[in-house]
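Read-outs: derived from the displayed coordinates by stated rules, not from any lab. Treat the numbers as computed from the prediction; the structure is a model and nothing was measured. Heads up, the Cβs are rebuilt from the backbone with ideal geometry, glycines too, and the neighbour counts pull from every protein chain shown.
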2 protein chains.
Amino acid sequence: MSDHLLIKRMAIMGVGLIGGSLALALKEAGAVGEVIGCGRGKPNLEKAVELGIIDRYTRDPREAVADADLIFLATPVKTLGAVVEQCLPAIKAGAIITDGGSVKAEVVRHIEPLLPDVIHFVPGHPIAGTEQSGAEAAFAGLYRGKRCILTPTAKTDPQALALIEQMWQLAGSIVVKMPMDKHDRILAAISHLPHMVAYSLVNAVGSYDHYEENILEYSAGGFRDFTRIASSDPTMWRDIAETNREALLEMMEQFEVFFAELKADVAAGDGDKLFEFFLRSKQMRDAIL
Amino acid sequence: MSDHLLIKRMAIMGVGLIGGSLALALKEAGAVGEVIGCGRGKPNLEKAVELGIIDRYTRDPREAVADADLIFLATPVKTLGAVVEQCLPAIKAGAIITDGGSVKAEVVRHIEPLLPDVIHFVPGHPIAGTEQSGAEAAFAGLYRGKRCILTPTAKTDPQALALIEQMWQLAGSIVVKMPMDKHDRILAAISHLPHMVAYSLVNAVGSYDHYEENILEYSAGGFRDFTRIASSDPTMWRDIAETNREALLEMMEQFEVFFAELKADVAAGDGDKLFEFFLRSKQMRDAIL
């Protein structure tokens with residue numbers, strides 16, 4: 001094992017799509033020595049070893065982090081604080097903890113007060129994912145070309161931050177740094193709100209009881225793509241809705257205002273306003289392509 | 001030219017994705033003799049000849065329908081009645097008119113009263129499409145495996161209906177017959193409502209003015225797929241919102257009820273209800289895959 005590795009020993013807490021893909025990307029980049037996986041499901045951990053994602057595994061969090069230089073928290077967002085609490089006594093001085101949670105402020109509020117000065121925490125969120133989960137879904141290219149947002153605080157160690165930034169760059173990410181509250185509001189807008197909308201849409205359409213058959217069966221490509229995200233993991237989304245409550249409510253209210261405006265235009269049969277509403281949306285949307 | 005062709009001479013009014021793809025599918029199936037294209041844009045019509053979609057073209061609707069056995073209306077839904085009015089004097093006795101409009105009741109109300117008994121109208125709607133448009137986007141396989149809804153009325157000639165059913169089957173479609181009001185409500189649910197939701201979502205997120213940068217740039221795969229339909233043609237959607245007003249308003253209200261329920265659960269931080277809401281949606285959505 002070379003002395004020039006960015007990370008000598010790394011513990012992945014939660015070897016699913018997010019954790020597994022980071023391990024694979026860092027191995028491909030030659031940036032990591034040994035990778036220890038930790039999780040609850042033994043078949044998933046065995047599969048991860050078989051696929052070369054991790055070198056070995058343990059189901060004991062303290063055993064996993066012992067002597068780890070870097071600890072990547074990739075369990076569901078509501079559990080991140082508890083995972084740190086559980087393994088903290090075994091974490092060595094100088095170790096860096098980072099995470100992949102979709103919500104940042106609540107995670108930081110939970111984890112930062114737990115840590116002594118010699119253990120560093122760099123809050124992060126790689127914006128990447130598929131609807132797949134588990135180690136089998138992991139692949140080295142998941143983060144390539146995708147943004148990874150880091151949300152350092154006043155307490156964040158600059159050297160630890162620099163290392164985590166370099167780690168994500170080696171995994172192929174474009175690293176962006178911003179305050180955690182800004183992160184949570186942006187994610188509420190571009191990710192959490194769309195999920196709430198998709199879930200509501202599928203419930204509204206699926207509950208439409210005018211006809212005996214399931215009208216969802218008539219849906220063509222557009223609707224299926226549109227509602228793909230409504231088949232995401234309910235536990236994960238419950239946790240996000242609970243941990244990013246305020247920013248999400250703000251965006252849900254923003255959405256309601258626009259939807260009500262459109263409904264009024266439809267009710268009034270106002271063709272000019274309808275056209276203008278649709279065109280504005282098309283232009284905004286096309287601008288990001 | 002064989003006497004056994006299903007359609008000897010066919011006029012396509014509007015040679016875009018919908019009209020062009022039907023022409024290509026019927027040619028591939030050996031079901032049509034000559035195809036005459038009619039439209040306003042000369043470059044598009046010339047391209048359609050070059051691509052073998054149509055055999056010849058004219059920009060005069062009456063010339064296009066003269067001697068046609070079948071007339072396929074594939075212009076925007078609000079123009080369909082006007083196209084029939086315009087070319088009616090040149091349509092021969094025994095000819096069949098059919099259409100591909102996304103809304104049926106208003107189209108039927110406009111066209112049926114115009115026609116003498118010897119000219120037949122079979123209202124239809126192939127549920128297929130992409131975000132592309134124009135003759136260049138047309139391809140023979142567009143309708144393969146997709147549903148085509150026909151909405152015969154008390155006035156619809158059974159033989160004409162049977163021929164149109166056969167035509168869509170030859171193009172690869174699964175033909176479903178239902179009353180026009182049912183069609184309009186189902187489409188409001190599975191297509192028109194999702195578009196209204198997507199347009200509102202992109203407007204709401206794109207107008208979020210807390211930050212200097214365009215936050216849409218942070219969106220990952222999910223949001224882009226989700227809002228793909230928000231880049232559909234504003235004119236087409238203005239027309240649909242105007243012509244299917246009542247069914248669409250009913251579905252928009254249905255959606256608002258579910259969205260408000262979810263917002264209340266988020267505000268209350270009610271994890272059990274959130275989980276149940278997301279799970280219900282996931283189950284409905286997964287059931288159609």
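General observations
- Comparing Cα centroids, the stretch A:133-191 and the stretch B:147-193 end up 50 angstrom apart.
- Which of A:SER21, A:SER219 has the fewest Cβ neighbours within 10 Å, and the rest in rising order: A:SER219, A:SER21
- Peptide-level mean, for B:242-255, of C-beta atoms on other protein chains within 10 Å: 4
- Looking at the stretch A:156-238, the GluC sites (Glu not before Pro) that sit in a DSSP loop and have at most 11 other Cβ atoms within 10 Å of their own Cβ are A:GLU212, A:GLU213.
- Cβ-placed point charges (K, R +1; D, E -1), dipole of the stretch A:182-287 about Cα centre in debye, nearest 20: 400 debye
- Spherically averaged projected area in nm², based on the convex hull that wraps the Cα atoms of the stretch B:130-180: 4.3 nm²
- Calculated FRET efficiency for the pair A:HIS4/B:LYS177, C-beta based, R₀ 60 Å, to 0.05: 0.25
- In chain A, helical runs assigned H by DSSP with n ≥ 4 each contribute -39500 (n - 2.57); averaged across all residues and rounded to the nearest 500, the mean residue ellipticity at 222 nm is -14000 deg cm²/dmol.
- Taken over the protein assembly as shown, the percentage of Cα pairs per 10 Å bin, counting from 0 up to the bin with the maximum distance, is 3, 16, 23, 19, 15, 12, 7, 3, 1, 0.
- Burial ranking of peptide ranges A:53-62, B:85-94, A:117-126 (average Cβ count within 10 Å, highest at the top): A:117-126, A:53-62, B:85-94
- Chain A, relative contact order in percent, only Cα pairs under 8 angstrom and at least six apart counted: 16 percent
- Chain A: equivalent-ellipsoid semi-axes (sqrt of 5 x gyration tensor eigenvalues, Cα, Å): 39, 21, 18
- Shape of the stretch B:182-287, Cα gyration tensor, a/c cut at 1.5: oblate
- The H on the amide N of B:ILE54, modeled in the peptide plane, is under 5 Å from the matching H of B:VAL49, each at least 5 residues off or on a different chain.
- Contact order relative to length of the stretch B:7-178, as percent, for alpha carbon pairs under 8 angstrom and 6 or more apart: 25 percent
- Amide H contacts of A:VAL175 (H built 1.01 Å from N, under 5 Å, at least 5 apart or other chain): A:CYS148
- Over all pairs of different C-alpha atoms, the stretch A:88-237 has a mean inverse distance whose reciprocal, the Kirkwood radius, equals 17.9 Å.
- Order by protection proxy (mean Cβ within 10 Å, highest first), peptides A:101-109, B:268-276, A:227-235: A:101-109, A:227-235, B:268-276
- In the structure shown, the pairs A:LYS27/A:LYS177; A:LYS42/A:LYS182; B:LYS177/B:LYS282; A:LYS78/A:LYS177; A:LYS104/A:LYS282 are assessed against 27 Å; a Cα-Cα span above that value is assigned to A:LYS42/A:LYS182; B:LYS177/B:LYS282; A:LYS104/A:LYS282.
- Taken along the Cα-to-beta-carbon direction at a fixed 7 Å, the label points for B:LYS155 and A:ASP286 span 3.8 nm.
- As a calculated quantity, the FRET efficiency between B:THR235 and A:LYS92 at R0 = 41 Å, using C-beta atoms, amounts to about 0.05.
- For the residues of B:180-187, the average number of beta carbons from a partner chain within 10 Å of their own beta carbon is 3.
- The stretch A:7-178 shape via C-alpha gyration tensor axes, a/c threshold 1.5: rounded
- For chain A, size of Cβ-based charge dipole, Lys and Arg +1, Asp and Glu -1, in debye: 740 debye
- Projected label points at A:ALA137 and B:GLU250, each 7 Å from Cα along the beta carbon direction, are separated by 3.7 nanometres.
- Cα-projected label distance for A:ASP117 with A:ALA260, points at 7 Å along beta-carbon direction, nm: 5.3 nm
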